[in-house]
Amino acid sequence: MIYTGGIIILTGPSGAGKSSLTQEIFKEFNDVHFSISCTTRQPREGEIDGVHYHFISQEQFLQKIQQGHFVEYAQVHQNFYGTTKQEIEQNIAMGKLLLLDIDVQGELNIKKLYPHCSCSIFITTQTQAELRKRLQKRSSNTLEDKEEINRRLAHAYDEMMCIERFDYLIINDDFQEAKQRLVTIIHAFKNRTKHYNIQEFTKKWIDS
């Protein structure tokens, strides 16, 4: 196989627009595949088990941790999320480009394990006030929702402190512009020589 696959990591605060940008990427590229993570949170409206996430119980998740199945996992907003070794390595072996939507700790773990075939992109808003506005827009304005928004903003602050270690930064203040920047980064990433079996490619070129 000439093309060896790779990992595209998207990270950023909740409400920054990662999910919307991800959907646009799948429209733009037919060779980018979403890495299906395991999670203990409940499915949201329209989400399908095995398509958006593997929805499992907390007991099952903790068992997978003990058995060493995860390359990265984290507890975010009282729920667990994790990516399995099998999910990553099977897809890379097939020459696929995997897109992961994970937190900053997960990004660090993936980059350590797969430094030569991964690229990390941090997506955020122009200001904290804009992020709060987006989170408020999708809430039902209950006391519980207000507390959740404050938790997410506190978590966003911690995430923002890690931006420097990412390969790219996209400020999503204009969605179309942010989309184009993400598309450009992925095009460049796909064509890195590290994603090719250069010896095999060169031999085929010489013999052709």
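Side notes on the structure shown:
- Hits in the stretch 180-208 - residues which are modelled with pLDDT under 90, open to solvent by 70 Å² or more (accessible area, probe 1.4 Å) and hydroxyl-bearing (S, T, Y): T193, Y196, S208
- E177 surrounded by 12 or more Cβ atoms within 10 Å (Cβ to Cβ) and either among the small types (G, A, S) or more than 22 Å from I92 (Cβ to Cβ) (or both): yes
- Looking only at residues in the stretch 82-101 that are touching a Ser or Thr at 6+ places or on another chain (Cβ under 9 Å) and modelled with pLDDT of 90 or more, the one that is nearest to E148 (Cα to Cα) is G82.
- Positions within the stretch 47-83 being of a type in the set (S, T, Y) and touching a residue at least 40 places away in the same chain (Cβ under 8 Å), in sequence order: Y81, T83
- Here is the figure for the stretch 163-172: residues that are open to solvent by 80 Å² or more (accessible area, probe 1.4 Å) and farther than 11 Å from I123 by Cβ total 2.
- The criterion of at least 2 residues that are under 23 Å from G6 (Cβ atoms) and without any contact (Cβ under 8 Å) to a residue 60 or more places away in the chain is met, among helices (runs of 4 or more DSSP H) falling completely within the stretch 102-208, by 104-113, 175-190, 198-207.
- If only residues of the stretch 119-129 that are surrounded by 15 or more Cβ atoms within 10 Å (Cβ to Cβ) and in contact with an Asp or Glu (Cβ under 9 Å, 6 or more places away or on another chain) are counted, the one that is farthest from G17 (Cα to Cα) is C119.
- Residue match in the stretch 131-145 (condition: surrounded by fewer than 16 Cβ atoms within 10 Å (Cβ to Cβ), in contact with a strand residue (DSSP E or B) (Cβ under 7 Å, 6 or more places away or on another chain) and modelled with pLDDT of 85 or more): no
- Taking the stretch 16-57 as the range and being closer than 17 Å to T83 by Cβ and polar (S, T, N, Q) as the test, the residues that pass are S19, T22, S35, S37, T39, T40.
The values are calculated or read from the model by the stated rules, or taken from the named source; none is laboratory data. Note that the coordinates shown come from a computational prediction; the quantities given were computed from them, not determined experimentally. Cβ atoms come from the backbone with ideal geometry, glycine included; neighbour counts cover every protein chain shown. Ligands, DNA and RNA are excluded from the accessible area calculation, which covers all protein heavy atoms including side chains. Shrake-Rupley method; radii C 1.70, N 1.55, O 1.52, S 1.80 Å.
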